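Computed from the coordinates by the stated procedures, all read-outs in this text should not be read as laboratory data. Just so it is clear, the model here is predicted, and its values are computed rather than measured. Glycine also receives a Cβ, built like all others from the backbone with ideal geometry; neighbour counts cover every protein chain displayed.
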Amino acid sequence: MQTNFTLAQLADPDIAEANQILRACVHCGFCTATCPTYVLLGDELDSPRGRIYLITEMLENDRPATAEVVKHVDRCLSCLACMTTCPSGVHYMHLVDHARAHIENTYRRPLYDRMLRALLAAVLPYPERFRLALIAGFLAKPLAPVFAGLGLKSVAAMLRLSGLPPKASMPPQRVYAPAGRRKGRVALLTGCAGAVLKPSINEATIRLLNRLGIEVVVPESAGCCGSLVHHMGREAEAHAQVKVNVDAWTAEMDSGGLDAIVINASGCGTTVKDYGFMLRTDSAYAEKAGRISAITKDVCEYLATLRLPEPAGETGLTVAYHAACSLQHGQRILRQPKELLSKMGFAVKDVPEGHLCCGSAGTYNIVHADIARSLRDRKITRIEQLEPDVIAAGNIGCITQIATGTAIPVVHPVELIDWACGGPRPEGVTEHDRGAPARSGQTKLKAAAADIARV
């Protein structure tokens, strides 16, 4: 793609990076076939190619973002399916991230939008605030139809997603030592939303790694990975959160050494693996951030390097494996979760249209509730066609999103692997689930069509 940036513009490292990305695009349009918003809405401007045209014009002319540009860039889920499809290697992720930062700096959103985004940024990355917000949302849940009727769909979506947060069964510690001889040492990102919504994922990760001889360290100062505000274009906030984590993990690397930084929320993993790029122009942090990114691994990616024991017993369960976008497209991790589950005795089935997003995408299922619900219902319909006993997904956002629309239990692969290796049975996964009939897929398809018509 031909670009026309001035030399002065190219002196900005972000513009220079955007220029390289844009020049790689050949307008082939392969990306449109796998873009969820284009598949649903059929608007060229809601495809990666269309957004690239909008972003190019905005950046080349150094213009403030317009309402039209903001609408279509905001509708992007950052699922990164386009990057998997692109034959030219266009790094769309970095381009749309820069566009969002430009929007944040040059566009004044409507008051309601500003308040909603400020609330999400102030609550979700902080576990205790998020816990209180979930309780408040659960109490106000009956009011969701009222807010939806008033046109406040994002508030209604937040209430529908709310629930009483489960209690953790494992006391918080800085170091979780293995029972026997130590064979390795890792740091675990316990996360923000995931630690509140489903602490059982972190607990299963720690139990399993300890059982395999791995010492697990959880630095007290490490917090949100920064992805939630990063995808809102709030670059300064994101970088501040990134630096806190870089400092915490660097201290562990320099003191006791780390084999890996293990992450069990794939959205967080994609961001942490990008720390080196995010802080590339910061002389104080560039090298340290690069070291962090280099040893970061998804939990299934790391488990695949270890020798797992034979399963403790036959489970006989059929697992529908939902490949989280951030895992399959963002990190290109495709086979490890399925191979691990198969090794542990589960019958693993791929979900049809597995490349399409479930609609979670961080805060997307709140900010763009109608599109997210359409994608969720489409995903659940495909899953239920498989008649699985359980659904496995490697991202807390996907788990929460899918669970709101089906009675089939949704768990993280590490919970199933831990169970197969002698850990407790994941909550909701029972013998009664075996052979359960598929839920009403046709009903969900009709609901998805109605949602699309309203967008």
- Regarding the range 79-212, what whole-number volume in Å³ per residue does the convex hull of its Cα atoms give? 183 Å³
- Relative frequency of Cα-Cα separations exceeding 21 Å in the range 308-396, percent: 35 percent
- Quick one: Val216, Val123, fewest Cβ neighbours within 10 Å first, how do they rank? Val123, Val216
- Within the chain, percent of DSSP bridges classed antiparallel, to nearest 5: 10 percent
- Query: Residue by residue through the range 392-405, which ³J(HN,Hα) values in whole Hz follow from phi under the Karplus form 6.51 cos²θ - 1.76 cosθ + 1.60 (θ = phi - 60°), with glycine and proline marked x?
  - Reply: 10, 9, x, 9, 4, x, 4, 4, 5, 4, 5, 5, 6, x
- Using a basic spin-label model with each label point 7 Å from the Cα along Cα→Cβ, how many nm lie between Thr404 and Ala312? 3.4 nm
- Note on the structure: Within the chain, the cysteines whose Cβ lies no closer than 4.7 Å to any other cysteine Cβ are Cys25, Cys28, Cys35, Cys76, Cys86, Cys300, Cys358, Cys398, Cys421
- Query: If amide H atoms are built 1.01 Å from N in the plane of the peptide, which residues on other chains or at least 5 residues away come under 5 Å of the amide H of Ile214?
  - Reply: Lys183
- Can you list residues whose amide H is under 5 Å from Leu308's amide H, if they're 5+ apart or on another chain and H is modeled 1.01 Å from N? none
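Hey, any idea what the orientation-averaged projected area of the convex hull of the range 111-161's Cα atoms comes to, in nm²?
Its Cα hull, projected and averaged over all orientations, spans 3.4 nm².
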- Note on the structure: Here the range 188-235 gives, from Cα atoms, an Rg and Dmax in Å of 13.1, 40
- Note on the structure: Taking N as the number of residues in the range 250-403, the ratio of its alpha carbon radius of gyration to 2.2 N^0.38 Å works out to 1.18
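If N is the number of residues in the range 150-209, what value comes out of its Cα radius of gyration divided by 2.2 N^0.38 Å?
Computed over Cα atoms of the range 150-209, the ratio equals 1.60.
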- Item | Cα lying deepest toward the dipole's positive end in the chain, options Ile201, Pro219, Ile263, charges on Cβ | Ile201
- Message: Using a Förster radius of 35 Å, what is the FRET efficiency between Leu164 and Thr106 based on their Cβ-Cβ separation? Nearest 0.05, please.
- Response: 0.30
- Task: Restricting things to alpha carbons, find the Rg to Rh ratio for the chain using the Kirkwood radius for Rh.
- Result: 0.95
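Sort Asp370, Asp282 so the one with the fewest other Cβ atoms within 10 Å of its own Cβ comes first.
Working: Asp370 18, Asp282 15.
Least to most surrounded, the residues fall as Asp282, Asp370.
For the range 175-303, what is the per residue volume of the convex hull drawn over the alpha-carbon atoms, in cubic angstrom?
93 Å³
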- Pairs from Lys243/Lys349; Lys141/Lys297; Lys71/Lys167; Lys198/Lys288; Lys183/Lys338; Lys338/Lys379 whose Cα-Cα separation, in the structure shown, is over 28 Å: Lys243/Lys349; Lys141/Lys297; Lys71/Lys167; Lys198/Lys288
- Can you pull the Kirkwood radius for the range 7-106, inverse mean 1/r over Cα pairs, to one decimal in Å? 13.5 Å
